[in-house]
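Encoded as structure tokens, the structure appears first; notes follow it.
The values are calculated or read from the model by the stated rules, or taken from the named source; none is laboratory data. Everything numeric in this text was worked out from a predicted model, so none of it was measured. When we count neighbours, we look across all protein chains shown, and the Cβ atoms used for this are built from the backbone with ideal geometry, even at glycine. Side chains are part of the model used for accessible areas, which takes the heavy atoms of the whole protein and leaves out ligands, DNA and RNA. Shrake-Rupley method; radii C 1.70, N 1.55, O 1.52, S 1.80 Å.
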Amino acid sequence: MSEILSHIDIFHQVGFIFIFCSNIDEYKYIFHEQLNIIGIYTKFNLLCSSITEQLNLIDKEHDRWIIYDQENALCTDLSQQTNNFLWLQLFHQTICHFPFHIPTTKQKIKSLRLACRENSDEIKFTYQFVRKYRPVDALQWYFNSSFLQKVINKAIQTKDIRHLCQLEYFLRDLIQSLRYEHKKIVQSGIENFIFHHTMKLTHREFNQLYENQGKLVAFKGFLLVNSSIHVVKETDLIDVLFEIECNVKEVNDNVTFVSITQLNQGSCQNAVLFDLNTTFKLEYIQQTEQIWLIKLTVVNDGPILIEKYLDDTYRQNKHLNIPIVFGKFISNMNQWDQAYVYLQHLFNYSSGEDLLWIEYLIGETFHYKGELHEARIYYDRAYDRMNSSSTKDSSVILSDIGNLLYLQGKYEDAYDYHQRALRIRQKF
């Protein structure tokens with residue numbers, strides 16, 4: 001442990017660190033803010049599973065958008081689905097409903113400092129941001145800093161939960177500012193807007209869009225649209241022009257966007273920023289004389305689908321609020337290490353009955369990972385938080401403890417716990 005920490009300058013440039021050992025207790029306190037340690041493993045199959053998970057994330061992180069086939073979506077149980085489209089929509093909801101807290105100076109520095117590497121301008125910006133940032137200025141900070149845009153959108157694009165937890169306070173302020181400024185657009189009385197945005201696509205990206213006309217598209221991050229049409233030919237890339245149409249009356253408050261001109265910014269005055277959860281329908285793609293035209297229409301489908309996902313989820317788990325549902329969603333995607341990081345962050349700012357279900361989900365995450373000792377600790381903590389051991393919800397925890405004991409070969413104990421869970425369920 002001490003040898004690794006003594007070489008932080010080397011290891012903090014490594015994207016992913018996996019520790020495989022015979023005794024996990026020797027390394028359980030090794031997590032360090034400057035080391036991207038994914039996990040510590042004593043079983044080879046779990047190590048391989050975690051590496052495969054990270055490789056899959058790397059393979060997808062270069063995609064700038066998510067395509068979702070909405071056909072029959074409203075006729076199915078969405079609570080059984082786990083995909084990147086629902087992840088993005090649910091993450092937006094989570095930021096809006098996350099327990100409020102005022103970030104410390106240390107949290108502000110941590111949210112940006114590691115992304116700076118050794119860039120002096122970015123380091124200078126970070127400390128200026130820490131000194132001067134106010135929540136009401138979130139939009140101005142975002143519009144004026146390409147570094148901040150890069151940090152936030154990369155974290156969203158790669159679903160870097162650890163970094164997104166650190167940025168959570170700014171994302172909340174940015175979304176609230178977008179909503180506030182968007183009200184001015186609604187009050188202006190103008191209903192229909194058309195924006196243009198040029199982009200260079202690889203052949204793979206272009207073919208992906210071309211083959212999915214008529215489906216939904218969500219960009220991985222806050223989409224900043226610059227309406228200036230400027231085409232510079234490059235042989236290896238395809239120049240495209242996105243034509244984005246938005247009817248404010250039709251989408252109501254489900255979609256928010258803001259123009260820089262509203263904020264009286266002097267630079268890039270044609271730019272428009274769309275909120276993270278904005279969903280587009282890919283209407284068609286056609287070739288003009290100079291460029292490919294890709295027609296997008298802003299639609300309500302994203303918010304409608306996530307509302308159905310939550311309704312389907314609440315039919316089975318009425319006690320879970322949106323931030324807790326998001327933690328369970330991450331775990332259901334088999335991203336157990338990220339689920340643990342997120343749930344620990346959520347636990348730090350939660351209270352009351354929420355703590356019970358957060359600890360239960362942490363236990364469930366360890367259970368899925370095969371770390372049964374740690375899972376039992378969190379299951380017991382969650383059970384102890386219950387006001388009464390005879391409540392209907394207690395049967396859920398007792399049943400999971402029974403499953404855990406069965407995996408440990410303690411069959412008589414497992415039988416006893418399942419019997420206790422059954423008696424409670426029969427009572428209710």
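Surface composition of the chain: carbon and sulfur make up 49 percent of the accessible area, probe 1.4 Å.
Normalised by residue number, the volume inside the convex hull of the Cα atoms of the stretch 324-382 is 59 Å³ per residue.
Computed from Cα atoms alone, the Kirkwood hydrodynamic radius reported for the chain is 23.9 Å. Magnitude of the charge dipole for the chain, about its Cα centre and with charges confined to Cβ atoms of Lys, Arg (+1) and Asp, Glu (-1), is about 900 debye. Which of 200/281; 220/308; 215/249; 159/249 have a Cα-Cα distance over 24 Å? From the list (200/281; 220/308; 215/249; 159/249), the Cα-Cα distance tops 24 Å for 159/249. Distance between the pseudo-spin-label points of residue 96 and residue 120 (7 Å out from Cα toward the beta carbon): 4.4 nm. Loop sites by DSSP among the GluC sites (Glu not before Pro) of the chain, restricted to those with at most 15 other Cβ atoms within 10 angstrom, leave 290-428 as the longest stretch without any of them. Averaging over all projection directions, the Cα-based convex hull of the stretch 319-428 occupies 6.6 nm² in the image plane.
Between residue 250 and residue 22, the FRET efficiency from the beta-carbon distance, with R0 = 41 Å, is close to 0.10. Fully extending the segment from residue 312 to residue 158 would add 52.7 nm, taking 0.36 nm per residue of separation and subtracting the current Cα-Cα distance.
Across the stretch 76-117, Cα-Cα distances exceeding 18 Å account for 56% of all pairs. In summary, the stretch 112-182 shows an alpha-carbon radius of gyration equal to 1.08 times the 2.2 N^0.38 Å reference for compact globular proteins.
Using a probe of 1.4 angstrom and keeping all protein chains present, the accessible surface of the chain works out to 51 square angstrom per residue.
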